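Reviewing the structure listed below.
No lab work stands behind these numbers, since they all come straight from the coordinates. Everything quoted here is computed from the prediction, not taken from an experiment. Here Cβ is always computed from backbone atoms with ideal geometry, including for glycine, and neighbour counts include all displayed protein chains.
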Amino acid sequence: MRRFIVLLVILLVAGAWLGQAMVEDTGYVLLAYKQTSIETSIWVLVIALILLFALLHLALNLVTHIRSPISSIKTWNQARTERKAEAKAHLGLMARAEGDWWRARRLLLQAARTSHTPTIYYLEAAEMAARSGDEKEASRILDDALKAAPEAGSAIQLRRAEIDLRLGHEGKAQALSEQLLQQQPSNSQAQAIQARLLANQHDWETLYPMIADLKKSGAINDQTAQSYRRQAGVALLDQTVETYSALPSEQLSTELKKCWNAFSFETQQDSNVRLHYVQQLLNSGESKEVEQLLGGWLSKSWNEELLLRYSELKGADATAQLKTAKAWLKQQPNNAALELCLGRLSQRAQLWGAAIQHYNRSLELEPHAQTLVELSDLHLNLGEPEKAAALLRGYNRPLNLPAPSAADRETRKSLV
């Protein structure tokens, strides 16, 4: 608004000045060419020149736009068709979000057939057909997509491989992914499909060395890489045991250690792989090695599953085990699992009073059925059935339900 007022003031001032100049002196202009001459005032000449410029500009614009009216109409029609295709695609994506696969497929196909960039719509329509279980329709849609956009062949083949893999056609999916990798060795989507195929086939020996490169290239995320490492670690340990099961225990444990040392740092940090490794070592008679491993791991990184496994070990020196576990109280002062571990180790070292104290402390921190059973069993073994019964009643209070009468008991006896 301020700009408009300023412009209006400037125009009024300029108009007033121009009018005053025209009144004071009209000027004189003479144009002569051979026998022809034109006489006029300077102001009329200025107005005539301005009008002539405007007419020439208008004529030039008309010639430029009228030169190709068919092209303009065609451009307008294409833009209108594209807008309609986008509207159909929007409705199709909304139907997909609502889980209406059939309607989503129909709308996306309509959008693909009228759009100048149909590939994405064809791919989504094929996905909807696959989700609704129409395998033949999904294949037909992908064929249409390849005809409409042959330059997008890689993307279309990738979607075909993903659909085949989801439908259980692993042979077709593998052939397509291998073909794509031959053409584009760094195609991360094809690499991800290959990884899923190897995982489904439990070919961990082939997949495991690939995990780091797959993660680096972005073919798999951190969570998938961790899952693959965990499954591969457990499977390769089992495979080692199966392969060398006929060997003596010492040689078997040596092979297990070789397998473990071949694992990456991330795999060795996985608690599930660690638990499986120590179990296999225990099966081969390496209890002392397991005790040292668990003690070292728990000192560096806390894990309650490993702690409970440590408490179950029957080491040669229970007192030494107990001493190691007590050192962890500084880092974990109010940990129910650690108190349970100390209770077990104290009981194994025949320190009955300390065992009862640690069991009770564990129950105070976190009542757990296993702790309750072990403490009750200890009381019974110490000849204290009253304390065991009181403990069980204290943590398992019965409901206040009606008790059977004497007549009910007699009736029950006659029925039995």
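Put in order of Cβ neighbour count within 10 Å, fewest first, the listed residues C259, C341 become C259, C341. Its DSSP H runs of at least 4 residues, each contributing -39,500 (n - 2.57), put the calculated 222 nm mean residue ellipticity of the chain at -24500 deg cm²/dmol, to the nearest 500. The modelled label-to-label distance between D222 and E151, using points 7 Å beyond Cα along the C-beta direction, is 3.8 nm. From least to most packed, judged by other beta carbons within 10 angstrom and beginning with the fewest, Y359, Y277 follow the order Y277, Y359.
Ignoring aspartates and glutamates fewer than eight residues from K288 along the same chain, the ones with Cα atoms less than 16 angstrom from its Cα are E250, E312, D317. Principal axis extents of the C-alpha atoms in the stretch 318-396 (largest first, rounded to whole Å): 34, 24, 15.
Near H202, within a Cβ-to-Cβ distance under 15 Å, what is the net charge of the other residues, with Lys and Arg +1 and Asp and Glu -1? Combined, the nearby Lys, Arg, Asp and Glu give -2. Remark: the stretch 145-254 carries a charge dipole of roughly 520 debye about the Cα centre, counting +1 on each Lys and Arg Cβ and -1 on each Asp and Glu Cβ.
In the structure shown, do any of K136/K172; K330/K387; K258/K323 have a Cα-Cα gap over 19 Å, and if so which? Checking Cα-Cα distances, K330/K387; K258/K323 exceed 19 Å. A dipole drawn for the chain from +1 and -1 charges on Cβ atoms has a positive end, and of G19, A112, G133 the residue lying farthest that way is G19. Computed over the stretch 278-346, the alpha-carbon pair-distance distribution with 5 angstrom bins reads 3, 17, 34, 26, 14, 4, 1, each value a whole percent.
The alpha carbon centroids of the stretch 182-244 and the stretch 255-280 are separated by 17 Å. Summing Lys and Arg as +1 and Asp and Glu as -1 over all other residues whose Cβ lies under 15 Å from the Cβ of K88 gives a net charge of +4. Given their separation in residues at 0.36 nm each and the Cα-Cα distance between them, N360 and K300 gain 18.9 nm when the chain is fully extended. Note on the chain: Cα convex hull, mean projected area over all directions, 50.7 nm². The modelled label-to-label distance for the pair K314/S405, using points 7 Å beyond Cα in the direction of Cβ, is 5.5 nm. Each Cα pair under 8 Å and six or more residues apart adds its separation to the average, and for the chain the resulting relative contact order is 5 percent.
Our analysis of the stretch 110-220 gives Rg over Rh at 1.01, with the two radii drawn from alpha carbon positions and Rh computed by the Kirkwood formula. Measuring nothing but how far apart in sequence close Cα pairs (under 8 Å, 6+ apart) lie, relative to its length, the stretch 318-396 scores a relative contact order of 22 percent.
The ellipsoid equivalent to the alpha-carbon distribution of the stretch 100-163 has semi-axes of 17, 14, 8 angstrom, derived from the gyration tensor eigenvalues as √(5λ) and listed largest first. Positive end of the dipole of the chain (Cβ unit charges, origin at the Cα centre): among N221, Y122, L282, the Cα lying farthest that way belongs to Y122. The distance between label points at T36 and K84 comes to 5.6 nm (points 7 Å beyond Cα on the Cα→Cβ vector). Between K257 and L167, the FRET efficiency from the beta-carbon distance, with R0 = 30 Å, is close to 0.10.
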